[in-house]
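J.: The structure's right below; bear with me while I get my questions together.
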Amino acid sequence: VPMHRLLQGDVGAGKTLVAVSALLVAVQGGHQGALMAPTEVLAEQHHTGIRRLVEHLIVPDASTLMGERPVRVELLTNRTTAAERKRLAADLASGAVDLLVGTHALIQDSVTFRSLGVVVIDEQHRFGVEQRAALRDKSADGTSPDVLVMTATPIPRTAAMTVYGDLDVSILDELPPGRTPIETQWAQ
């Protein structure tokens, strides 16, 4: 039975680290992971941050000479060119892409994962029920992925999903140790 969990916390509370951990568990199990964000800017930020976090990690790959390769993280947004989309589609279907980060572009018909194990949806209230369901149904092998939805903004619909739906809740209510406080300044 797939897990459905809401991860709630303030900005900078470490939700992305928890999401990356879940995505990597899927990869370790031989599956792929997807993270969908509501805007290109946020998707690009996640892509950059995740690539930095996993840059030294490797996965088994029998098709390579050494039998392993680095974890592959790709980005798919509306700005992705047609040629790049075609290459990504082939690499997703073969399982060569481990983690795909993107916007609504992830739910296009041309996007199919070989085996999607974990779906992370950031700012889930910005997506409709059908959009979230469309991403969950992207696995060619019929795998039903675990779903982690994240939000820094609890809204009534999210609260209703936790009370009446099959959504478990985890709340990050403190900053990770050693986190530098954010300082905002006004410049003229």
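J.: For region 35-87, which residues satisfy the criterion of being among the hydrophobic types (A, V, I, L, M, F, W, C) and in contact with a strand residue (DSSP E or B) (Cβ under 6 Å, 6 or more places away or on another chain)?
T.: Leu35, Met36, Ala37, Ala43, Ile50, Ile58, Val71, Val73, Leu75, Leu76
J.: For region 48-70, how many residues meet the condition of being open to solvent by less than 40 Å² (accessible area, probe 1.4 Å), farther than 19 Å from Thr151 by Cβ and out of contact with any Asp or Glu (no Cβ under 8 Å at 6 or more places or on another chain)?
T.: Residues that pass the stated criteria total 1.
J.: Modelled with pLDDT of 90 or more and more than 19 Å from Leu135 (Cα to Cα), is that true of Ile50?
T.: yes
The values are calculated or read from the model by the stated rules, or taken from the named source; none is laboratory data. Here the structure is a predicted model, which is why all the values come from computation and not from measurement. Backbone-built Cβ (ideal geometry, glycine too); neighbour counts: all protein chains shown. Remember, those area values only see protein heavy atoms, side chains included, never the ligands or the DNA or RNA. Shrake-Rupley method; radii C 1.70, N 1.55, O 1.52, S 1.80 Å.
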